[in-house]
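Chemist: Once you've had a glance at the structure underneath, I'll fire off some questions.
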Amino acid sequence: MQHNHADNLPNSDNPSYLANLNNEQLEAVEITDGALLVLAGAGTGKTRVLTTRIAHIINTGLAYPNQILAVTFTNKASREMTERVASMLHHDVSGMWLGTFHSICAKILRRHAEAIGFQSNFTILDADDQVRLLKKIMEEAGIDTKKHTPKILMSIIQGYKDKGWNPDQVQSGFAGDFADGKIVQIYDAYQRRLRNINAMDFGDLLLHCLTMFQKKPDILATYHGFFKYILVDEYQDTNVAQYMWLRLLAQASGNICCVGDDDQSIYSWRGAQVGNILRFSKDFPNAQTVKLEQNYRSTHHILAAASSLIANNKSRIGKTLHTTSIDGETVRVKFLWDGDEEAKFVANEIESMTTSMTREKHSMSQFAVLVRAGFQTRAFEERFLTLNIPYKVVGGLRFYERAEIRDAIAYIHVLMQPNNDLAFERIINTPKRGIGKSSLEVLYRNSRDQSIPLYDSTAQMVNDGALPAKAGKVMGELLNQFANYRRMLNDVEHDKVVEQMLEETGYLGMWRDEAKKERSPEAEGRLENLRELIRALAEFESLGDFLEHISLVMDNDQNKSGEMVNIMTLHAAKGLEFDTVFLPGWEEGLFPHQRSLDESGSGGLEEERRLAYVGITRARKNLFITHAANRRIYNQWQNSMPSRFLKELPAQNVDILSSNLNMSQPIYERKFEPRVEPLNRAIPAAKGIDTNAFQMGNRVFHEKFGYGYINNINGDNLDINFDHTGKKTLKSSFVKKS
DNA sequence: GGGTCCCCGTTTTTT
DNA sequence: ACGGGGACCC
């Protein structure tokens, strides 16, 4: 990532890999013993430090690769780290415990599954399975799944797991009256059910591993023996469970090095605790701290903008980034009429930079548009399509989240683990086999009554002739087929077996039929994905290997690589860098996002600000920030105020391009007035102003207060009883019928 | 068992 | 606006 340094290092006997490090980096590498916190600002070479540190530990003989535990959050990060360490050393580093928190926990848990009441071939549920299972449990417990959606309850349960709480450990005050006060009971039932079907969700991988370490000191001791050095990437993203897990493991050797940046903590909504990094030195005795503040990425204008903005945050450790790059363009802020104009501006800017003869050559892949929310990408996509600017939207649906891939994987699950109820349920009537709701009910009841897996129960009912003739025949056939494929696995290559299975059970045929219809242009793509899946299968030793991989690792990286502009969310951009970055949508309500402010107050605002900081620091040379006067959200036009973050940028590093701002004032005093001539465009905002359209009892929606019913109408004023925010009186133009 | 209509929700997302 | 999911009906 860093250009100033050579990336290929000569050989392992000569620690020349240390030569290119600056003093702070060197310190971070050489303080090998004890607890060390490396506060690594954006673009300060943190991955370099981590990998060099590992190389150094191995190279100086402090530890063998298999005595090092290095944890990351994403598979991408762990892959990168593996590659970089390997290229630095001649040693074989394959024995190193390098991986994501989840993959390492899974590895450990498979070795000791029996000790905690699982079998070692437990399945790992994905988000979809989790919710489906939870929903079933809620229904069994008589919870109204409309009033309390499974998705919400799931996130609450995940929250408990993130904190390291088993059902009996949920602290009072955190259970509240979720799900009619039955949340803990549901959580408990959910965990029991998972255990019954020998399955874990992602949160469990950590929770169970942590619980096991706490309850089985002998097992923990084994790992104390294994891990002499522990390294943690993106430490600011750890949740409580991960923190406790790390602390337990580090107890023995005391050698733990955590690298992170409190200013880039943007995942509190999924359990990350900035607190972990803020109190590091209290938690680990004699901890040392090294700050990496030399930035190798951005120009000083960009860095100044980032620093000035983030300085507005109160809860931070505080560091100041420096750069030697003093030339360069100022940060440019542009004010536009609406989202389409914004996209037009960005597209034009890209066009002129890529076609200009006089200026340096800009490659498409060095542009990035970083948005706050997914819906913002559309305007850019449309504009880029019209102008023929190649682009990719990074981080859409992941490969394994696609319906057809999930179906195919469910088939493989049933093949390998017939008692995987969730998988069997998924494919029992896909393609349509004429097993309807009522037949399913019967199968479930039998399965539950006898406490046997759905698969076995179905087989039993088929044998006993307990099913309607047609269903019995169809199911019998399907079960026979599965038995047959299972036998085939002994002497036929597994990818061939899977292909045959998907073919003969009619699954591929289902999509082929679909492709023939006119209305489904995506069916062809699904078939292509399935072919890709089968191709991928061949690369694995066995289907078992494949399933482990798929549940933990499968990437969306059908890396449409090549010369394309990148469009992605700010969250997805963390860790990346581009020559030119566009940050659109800097408006109050969108960025900072209203919901973040509503739900988390000043903490939410600070996290939004960190997100802005992450966005700014992605840019190497050019940074454009835009905001629009009008934006359509849920098909409703709203006019918006410029983001407060704009006022936090330092005037001397910013150029305001053609807007109605008064440049003579200091930037923080400038008034942002979206006083714009209405061009030739009608403002469709007038919708919903017609009071006659509202009637007593109407259900309405308000951007801030949510949903509610109209109690009373007084001319243009509506008395509304909002579901969550109580009674308010509002002008009718502020609400819309829902 | 399958088609149709209505209601809800619509920030960020890894594993 | 729009898609997904559930209720309802045939």
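Chemist: Return the sequence-ordered ³J(HN,Hα) values of the stretch A:49-58 in whole Hz as given by the Karplus equation 6.51 cos²θ - 1.76 cosθ + 1.60 applied to θ = phi - 60°, using x for Gly and Pro.
Modeler: Result, rounded to whole Hz: 4, 4, 5, 5, 4, 4, 4, 5, 4, 5.
Chemist: Long-range amide H contacts for A:GLY589: which residues qualify at under 5 Å (H placed 1.01 Å from N, peptide plane, sequence gap of 5 or more or a different chain)?
Modeler: A:GLN594
Chemist: Set the Förster distance to 60 Å, then compute FRET efficiency between A:ARG270 and A:ALA469 from the Cβ-Cβ distance, nearest 0.05.
Modeler: The calculated FRET efficiency here is 0.75.
Chemist: Still on this structure, I have one more. Report Rg/Rh for the stretch A:334-399, rounded to two decimals, where Rg is the Cα radius of gyration and Rh the Kirkwood radius. Write down the numbers at each step before the final one.
Modeler: On the way: Rg = 12.7 Å, Rh = 12.9 Å.
Here Rg/Rh amounts to 0.98.
Chemist: So what's the convex hull volume per residue for the Cα atoms of the stretch A:618-660, in Å³?
Modeler: On the way: hull volume 5.1 nm³, N = 43.
Given the Cα convex hull of the stretch A:618-660, per-residue volume reads 118 Å³.
Chemist: Computed over the Cα atoms of the stretch A:169-220, what is the ratio Rg over Rh, Rh following Kirkwood?
Modeler: 1.05
Chemist: For A:ALA70, list long-range residues whose amide hydrogen, built 1.01 Å from N in the peptide plane, is under 5 Å from its own amide hydrogen.
Modeler: Answer set, sorted by chain and number: A:TRP97, A:LEU98, A:GLY99, A:LEU231.
Chemist: First obtain the Kirkwood hydrodynamic radius of the stretch A:509-640 from its Cα pairs, then insert it into the Stokes-Einstein equation at 37 °C and 0.692 mPa s, and state the resulting D in µm² per second as a whole number.
Modeler: 172 µm²/s
Chemist: Next up: With a/c under 1.5 counting as rounded, go ahead and sort the stretch A:427-482 into rounded, prolate or oblate using the C-alpha gyration tensor (a ≥ b ≥ c being the square roots of the eigenvalues; past the cut-off, prolate if a/b is larger than b/c, else oblate).
Modeler: It comes out rounded by the Cα gyration axes.
Chemist: Here's a follow-up. For the stretch A:429-541, evaluate the Debye formula with one uniform point scatterer on each Cα (no solvent term) and list log10 I(q)/I(0) at q = 0.16, 0.17, 0.19 Å⁻¹, rounded to two decimals.
Modeler: For the stretch A:429-541 at q = 0.16, 0.17, 0.19 Å⁻¹, log10 I(q)/I(0) is -0.89, -0.96, -1.05.
Chemist: For a footprinting-style exposure proxy, rank A:MET475, A:MET641 by other Cβ within 10 Å, fewest first.
Modeler: Result, fewest neighbours first: A:MET641, A:MET475.
Chemist: Could you work out the percent of alpha carbon pairs in the stretch A:559-602 separated by over 12 Å, rounded to a whole number?
Modeler: Roughly 72 percent, rounded to a whole number.
Chemist: Amide H neighbours of A:HIS322 under 5 Å, counting only residues 5+ apart in sequence or on other chains, H built in-plane at 1.01 Å?
Modeler: Amide H to amide H, under 5 Å and 5 or more residues apart or across chains, A:HIS322 pairs with A:GLN294, A:ASN295.
Chemist: What ranking do A:TRP269, A:TRP97 get, fewest neighbouring Cβ atoms within 10 angstrom at the top?
Modeler: The most exposed by this proxy come first: A:TRP269, A:TRP97.
Chemist: Apply the Karplus curve 6.51 cos²θ - 1.76 cosθ + 1.60, θ = phi - 60°, to the phi angles in the stretch A:211-224 and return the couplings in whole Hz, x for Gly and Pro.
Modeler: 4, 4, 4, 6, 9, 10, x, 5, 5, 4, 4, 4, 6, 4
Chemist: What area, in nm² and to one decimal, does the C-alpha convex hull of the stretch A:116-192 cast on average over all directions?
Modeler: The directionally averaged projection comes out at 5.3 nm².
Chemist: Which shape class, rounded, prolate or oblate, goes with the stretch A:298-385 when its Cα gyration tensor gives a ≥ b ≥ c as root eigenvalues, a/c under 1.5 marks rounded, and past that a/b bigger than b/c marks prolate?
Modeler: On the way: a/c = 2.52, a/b = 1.37, b/c = 1.84.
Judged from the Cα gyration tensor, the stretch A:298-385 comes out oblate (a/c at least 1.5, b/c at or above a/b).
Chemist: Starting from the Cα-Cα distance between A:GLN185 and A:TYR64, subtract it from 0.36 nm times their residue separation and give me the gain in nm to one decimal.
Modeler: Gain on extension, A:GLN185 to A:TYR64, equals 39.0 nm.
Chemist: Here's a follow-up. Is the shape of the stretch A:271-417 rounded, prolate or oblate, going by the alpha carbon gyration tensor and its root eigenvalues a ≥ b ≥ c, with a/c under 1.5 for rounded and a/b larger than b/c for prolate?
Modeler: Numbers: a/c = 2.20, a/b = 1.03, b/c = 2.14.
The shape class here is oblate.
Chemist: Give, as ranges by residue number, the residues of the stretch A:131-173 whose backbone N falls under 19 Å from the point 7 Å along Cα→Cβ of A:ASP449.
Modeler: A:140
Chemist: Turning to a different aspect of this structure: List nothing, just return the count: lysine pairs in the stretch A:1-158, 8 or more apart or interchain, with Cα separation under 20 Å.
Modeler: Within the stretch A:1-158, the lysine pair count is 8.
Chemist: Computed FRET efficiency, Cβ-Cβ of A:ASN388 and A:LYS361, R0 25 Å: what is it to the nearest 0.05?
Modeler: With a Förster radius of 25 Å, E is 0.85.
Chemist: May I pose another question? Distance between the C-alpha centers of the stretch A:390-409 and the stretch A:76-97? Whole Å please.
Modeler: The distance from the Cα centre of the stretch A:390-409 to that of the stretch A:76-97 comes to 28 Å.
Chemist: Moving on. Within 10 Å of each residue's Cβ, count the other Cβ atoms and sort A:CYS105, A:CYS257 from fewest upward. Intermediate values should be presented prior to the final figure.
Modeler: Details: A:CYS105 26, A:CYS257 29.
With the sparsest Cβ surroundings first, the list reads A:CYS105, A:CYS257.
Chemist: Given the Cα-Cα distance of A:GLN214 and A:SER542 and 0.36 nm per residue of separation, how much length would full extension add, in nm?
Modeler: Contour length minus Cα-Cα distance gives 114.7 nm.
Chemist: For A:LYS437 and A:LEU527, calculate 0.36 nm times their separation in residues minus their Cα-Cα distance, and state this gained length in nm to one decimal.
Modeler: Between A:LYS437 and A:LEU527, full extension yields an extra 29.6 nm.
Chemist: Enter the mean projected area of the convex hull around the alpha-carbon atoms of the stretch A:44-138, in nm², rounded to one decimal.
Modeler: 8.7 nm²
Chemist: Now for a different question. Cut-off 14 Å, label point 7 angstrom out along Cα-to-Cβ of A:ASN312: give me the residues of the stretch A:635-655 whose amide nitrogen falls inside.
Modeler: It comes to A:641-651, nothing else.
Readers should treat all values here as calculations from the given coordinates under stated rules, not as data from a laboratory. Worth saying up front: this structure is predicted, and the values here are computed from it rather than measured. Don't worry about glycine lacking a Cβ; one is built from the backbone with ideal geometry, like all the others, and counts go over all protein chains shown.
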